[in-house]
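Before any comments, here is the structure.
The values are calculated or read from the model by the stated rules, or taken from the named source; none is laboratory data. All values reported here derive from a predicted model rather than from experimental measurement. Here Cβ is always computed from backbone atoms with ideal geometry, including for glycine, and neighbour counts include all displayed protein chains. Please note that ligands, DNA and RNA were not included when accessible areas were found on the heavy atoms of the full protein model with its side chains. Shrake-Rupley method; radii C 1.70, N 1.55, O 1.52, S 1.80 Å.
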Amino acid sequence: SLHGSANLLAVADILGVENQSLDAATLWSTAAALRAGGRFTRAVSKERKRAPRLAELADGFDELSVETKRIEAALHEETETHAIRLRPDASVELKRLHRARGGARTDLDRAVQNLLAREDVRSSLSDGVSTVREGRIVLPVRSDRKKNVRGILHDRSGSGATLFVEPEELVENN
């Protein structure tokens, strides 16, 4: 079935424009369409004598099986959300970057824990845990203690009693 598959002509149009790319979901559905084309090719090739022109047209899909496998090897579908994501090990460079990001994340987590362990910071928080605002790790600082935690203000609670501050110690690695 081609249900959920990419419109291959639209994909070809996008790829025909310089510096254009496809998002992961479109690549995934393109691979699905190419797989369906491969199944079609195999079915039609059995009827080559009865429909030689159709078999000739279908032969082009077989040539794309390598590309289909490469697309599928580079992507995965998340179990819970069904979102299509690029595998962190899809290439040697991505694997290296993913490892480096993991190391940076560990350093960032350590820096957050060090901040939370400091009495002057801990006593200034409305809650003893970090949170995320705008994709950045922030601390929930009591507004009456904002001078104790220097950094970038990302948000404030509805009541204004809590400020979500990215401490200056985290900015570079956050």
Take the alpha carbon atoms of segment 101-168, find their radius of gyration, then divide it by 2.2 N^0.38 Å using N residues; give the quotient. 1.06
Simple spin-label model, 7 Å along Cα-to-Cβ: Ser143 to Ala83 in nm? 3.2 nm
About its Cα centre, the chain carries a charge dipole, from +1 on Lys and Arg Cβ atoms and -1 on Asp and Glu Cβ atoms, whose size in debye to the nearest 20 is 380 debye
As I understand it, the dipole of the chain uses +1 on the Cβ of Lys and Arg and -1 on the Cβ of Asp and Glu, about the Cα centre. Which of Leu57, Ser159, Ser21 lies farthest toward its positive end? Leu57
Measure nothing fancy, just the Cα-based angle from helix 65-74's long axis to the longest principal axis of the chain, in degrees from 0 to 90, nearest 10. 10 degrees
What is the percent carbon and sulfur in the accessible area of the chain, measuring with a 1.4 Å probe over the protein chains and ignoring ligands? 51 percent
HN-Hα J couplings of segment 168-174 from phi, Karplus 6.51/-1.76/1.60, θ = phi - 60°, integer Hz, Gly and Pro as x? 4, 5, 9, 3, 5, 9, 7
Relative counts (whole %) of C-alpha pair distances in segment 68-112, using bins that are 10 Å wide: 26, 36, 30, 7, 1
Rg to Rh, two decimals, where the chain supplies the alpha carbon set and Rh follows Kirkwood: 1.25
Mind checking the angle between helix 24-45 and the chain's longest principal axis? C-alpha axes, 0 to 90 degrees, to the nearest 10. 20 degrees
What is the angle, in °, between the Cα long axis of helix 52-62 and the longest principal axis of the Cα atoms in the chain? Nearest 10 is fine, range 0 to 90. 30 degrees
Suppose the chain between Ser91 and Lys46 were pulled fully straight at 0.36 nm per residue; how much longer would it get relative to their current alpha carbon spacing? 12.5 nm
Stretched out fully, how many nm does the piece from Asp59 to Glu119 gain, at 0.36 nm a residue minus the Cα gap? 14.5 nm
What length, rounded to one decimal in nm, is gained on full extension from Thr106 through to Arg136, with 0.36 nm per residue of separation minus their alpha-carbon distance? 9.3 nm
Packing rank of 27-35, 72-80, 149-157, 134-142, where each peptide gets the mean count of other beta carbons within 10 Å, highest leading: 27-35, 134-142, 149-157, 72-80
Can you give me the orientation-averaged projected area of the convex hull built on the Cα atoms of segment 39-119, in nm²? 8.4 nm²
What accessible area per residue comes out for segment 63-174, rounded to a whole number of Å², with a 1.4 Å probe? 68 Å²
Pop out the ³J(HN,Hα) list for segment 77-82 in order, Karplus 6.51 cos²θ - 1.76 cosθ + 1.60 with θ = phi - 60°, rounded to Hz; leave Gly and Pro as x. 9, 5, 4, 6, 9, 6
